[in-house]
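Below is one structure, written out as C-alpha cells; the observations come after it.
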C-alpha cells in the first residue's frame, strides 16, 4: 500500500502494476484530480471513499487524499547483471533507515538493495515513505545471507563490512569494483558470521563524541564513496567525496 500523491506519481511513472487507487474526494485538490485522471488513462481502477473510511484504511494519522495498492517486484540475486555496488541490509529493523538506504542506493547508482536476515519488510509503509519513491527505481532483493555470500564468491563481488571501529577508512579501500556493502543492525551491528565472510572491514572516520553513525547515514556515505570511486580512473587515488 502506498500513500500520498508523491508515491502514487512515482509509481505511475515507473510502470508498476496497480491493483486499485483510492481517493478521498472530500480532501482532493486539483493536483489529486490530475493524478486520478492520469491513473484512469493508464487503466487503473479508482474508487472514491468517504473520509472516515479512508482514514481507517490509511496507515498515517493524517492521511493525504490518495492511497493505492500496487504490486512491487522482488528481484532474485541471480537475475542481477553487471553489478557495481550492492547495499546489503543485515538485520536493519528501522523502516526509516531502510527507506533512507533505498533512496541513497538509487541516488548513488547502486545495482540493488539486498535485505538479509531479520531486516524490516522492504515494503513496510514507513519504508516506502522514507524511500521517497526510490523503491520504484532500484531493484529490491530479499535473500538469505549464505545465499548472498555464495553469489558474491561466484560473481567475484568483494564483501565489505561496515564497522564502528577497527576498519580502514573508506578512502583507503577500493570500492570502485563490484562490492557488497554490509550495513548491520542498529543496536548490535554485524554478526560474527557476517564479519567472518567479509573480505574487508571499513570504518567511517569521525571526530567529536558520537560513538557511531546512524545505520542509514553510514550506509549512505559508503554508497556515495563507492559512486565517486567508480567515477575515477581505476589507477588513480579515489576522488574526494562528501
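The values are calculated or read from the model by the stated rules, or taken from the named source; none is laboratory data. Computed from a prediction, not measured in an experiment: that's the story for all the values here. Cβ: placed from backbone, ideal geometry, glycine included. Neighbour counts: every protein chain shown.
Quick notes on this one:
- Every residue from the stretch 33-45 that is surrounded by 14 or more Cβ atoms within 10 Å (Cβ to Cβ) and in contact with a strand residue (DSSP E or B) (Cβ under 6 Å, 6 or more places away or on another chain): 36, 39, 44
- Count of residues meeting criterion [under 17 Å from residue 65 (Cα atoms), modelled with pLDDT of 85 or more and not in a strand (DSSP E or B)] in the stretch 12-30: 1
- In summary, helices (runs of 4 or more DSSP H) completely within the stretch 109-197 and bearing 1 or more residues that are buried (at least 23 other Cβ atoms within 10 Å of the Cβ) and free of Cβ contacts under 8 Å to residues at least 60 places away in the same chain occur at 125-131.
- Annotation: residue 238 fulfils all but one of (1) surrounded by fewer than 18 Cβ atoms within 10 Å (Cβ to Cβ); (2) modelled with pLDDT under 95; the unmet one is (1).
- Taking the listed residues 35, 21, 67, the one that is under 14 Å from residue 4 (Cα atoms) and touching a residue at least 60 places away in the same chain (Cβ under 8 Å) is 67, with no other qualifying.
- Members of the stretch 46-97 that are in contact with a strand residue (DSSP E or B) (Cβ under 6 Å, 6 or more places away or on another chain), part of a helix (DSSP H, G or I) and crowded, with 19+ Cβ neighbours inside 10 Å: 54, 77
- Residues of the stretch 201-210 satisfying the condition of being within 27 Å of residue 131 (Cβ to Cβ) and assigned to a loop (DSSP other than H, G, I, E, B): 203, 204, 206, 210
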